[in-house]
Amino acid sequence: MAKIRRIVLDVLKPRQPNILDLAKALDYQVQVRVDEVDDKTESVMLEIAGDSIDFPAVQTVINDLGGSLHSVDEVEAVGVEELAQSEPQQV
Amino acid sequence: MIKQLLFLLRISRSGFIARRYFVVNGFDGALTLLGLNVGFYVSGESSLSVIISACLGAAVALGVSGVSSAYISEAAEREKELHELEGAMVRDMTDTAHGQASRFAPWLIAVVNGLAPFLIGMVIILPLWLAQWRVALPLAPIEMALLTALMVLFLLGIIIGRIRGTFWLWSGLRTLLIALLTAALIYLLNPT
């Protein structure tokens, strides 16, 4: 099964907790960009990178913090075979 | 657990609200107990058990009133806020941090609102209890209770000053002046 290395998500979230809290709650390398700010909510573009991203766990974190996942805009995945080939061979 | 509670406090802004409730209701409690003691002092009531019972009754009533009134009003306010947020997010927020905070915040604020006048009341009653336990006091027990009430009100003034970012002494003296005016009003209106 392929491993997800990077995903870009469009998320609608309440203004509080802020994007720092959201970034800290996700245990990956995260980049968050606020696209639109409303009275009570904000739309953010969330880029998550890691060796193997657990997507359901990411969804749970977003959900627990009151956010809604609008769309998955980009995915970067690596297949197991490709992964094995890219690893250095032992002689 | 504590980290999660602090997080809920922050997103619900309950810390600031609880602090405000503590000062407001604490001030109510201290002024009520001051008023009671001034009343007893002016009327010449000398039975310590009567004074203690009346003050204790007032402190308990203020505490219970503080818990119930704050819980009812805060729970309604939080529920309204959550519904508004649900409207903006177009989703059910019950199982989110916001849902947890809206259930937790009213209890915290209610406890603070109730404990503030109760505990401040206990501090003011303390000299009366000490006298009843035959502990030697530099002044008459009711005078000590009055002095304690004035000191507590001065301290609450200092806390208000620190919250507002103004000079602590000026703020403390202002609440002390309110306390003295209250005492003077009770003295003037007392028929005895």
Per DSSP, loop trypsin sites (Lys or Arg not before Pro) in the stretch B:113-192 with at most 11 further Cβ within 10 Å: B:134
Could you work out the percent of alpha carbon pairs in the stretch B:97-179 separated by over 17 Å, rounded to a whole number? 62
Please compute one quarter of the surface area of the Cα convex hull for the protein assembly as shown and express it in square nanometres. 23.8
Find the relative contact order for chain A and round it to a whole percent, using C-alpha pairs within less than 8 Å whose residues are 6+ positions apart. 46
Mind checking the alpha-carbon convex hull of chain A and giving the volume per residue in Å³? 94
Pairs of alpha-carbon atoms within less than 8 angstrom and 6+ residues apart define the contacts here; what relative contact order does chain B have, in percent? 32
³J(HN,Hα), Karplus 6.51/-1.76/1.60, whole Hz, each residue of the stretch B:42-58, x for Gly, Pro: 5, 6, x, 5, 10, 6, 4, 5, 5, 4, 4, 4, 5, 5, 4, x, 5
About the Cα centre of chain A, how large is the charge dipole given +1 on each Lys and Arg Cβ and -1 on each Asp and Glu Cβ? Please answer in debye to the nearest 20. 200
5 Å is the cut-off here: which amide hydrogens, built 1.01 Å from N in the peptide plane, fall below it relative to residue A:9, excluding neighbours closer than 5 in sequence? A:46, A:47, A:48, A:73
Potential lengthening between residue B:173 and residue B:68 on full extension [0.36 nm per residue; Cα-Cα distance subtracted]: 34.6 nm
Determine, from the Cβ-Cβ distance of residue A:55 and residue B:107 and an R0 of 30 Å, the FRET efficiency 1/(1 + (r/R0)^6), rounded to the nearest 0.05. 0.25
In the neighbourhood of residue B:109 defined by beta carbon distances under 11 Å, the net charge of the other residues (Lys, Arg +1; Asp, Glu -1) is +2
How large is ³J(HN,Hα) for each residue in the stretch A:57-69, as worked out from phi by the Karplus curve 6.51 cos²θ - 1.76 cosθ + 1.60 (θ = phi - 60°), to whole Hz, x for Gly and Pro? 5, 4, 4, 4, 4, 4, 5, 4, 8, x, x, 10, 7
Once you have a ≥ b ≥ c as the square roots of the Cα gyration tensor eigenvalues for the stretch B:136-192, tell me rounded if a/c is under 1.5, and otherwise prolate or oblate according to whether a/b is larger than b/c. oblate
Where does each of B:11, B:186 land when they are ranked from fewest to most other beta-carbon atoms within 10 angstrom? B:186, B:11
Computed label-point distance, nm, for sites residue B:84 and residue B:45 using a 7 Å Cα→Cβ extension: 4.5
Suppose every K and R has +1 on its Cβ and every D and E has -1 on its Cβ; what is the size of the dipole of the protein assembly as shown about the Cα centre, in Debye to the nearest 20? 1760
Based on the alpha-carbon gyration tensor of chain B, what equivalent-ellipsoid semi-axes (square roots of 5 times the eigenvalues) come out, in whole Å, largest first? 39, 17, 15
Magnitude of the charge dipole, chain B, Cβ model with Lys/Arg +1 and Asp/Glu -1, debye to 20: 540
Cα-based Rg/(2.2 N^0.38 Å) for the stretch B:84-129, rounded to two decimals, is 1.94
Summing -39500 (n - 2.57) over every DSSP H run of at least 4 residues in chain B and dividing by its residue count gives a helix-only mean residue ellipticity at 222 nm, to the nearest 500 deg cm²/dmol, of -30500 deg cm²/dmol
Relative contact order for the stretch A:1-45 using alpha-carbon pairs under 8 Å, separation at least 6, rounded to a whole percent? 45
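FYI, it's all coordinate maths here, none of it is from the lab. What you see is a predicted model, and the numbers here were worked out from it, not measured in a lab. All Cβ positions, glycine included, derive from the backbone under ideal geometry; neighbour counts span all protein chains shown.
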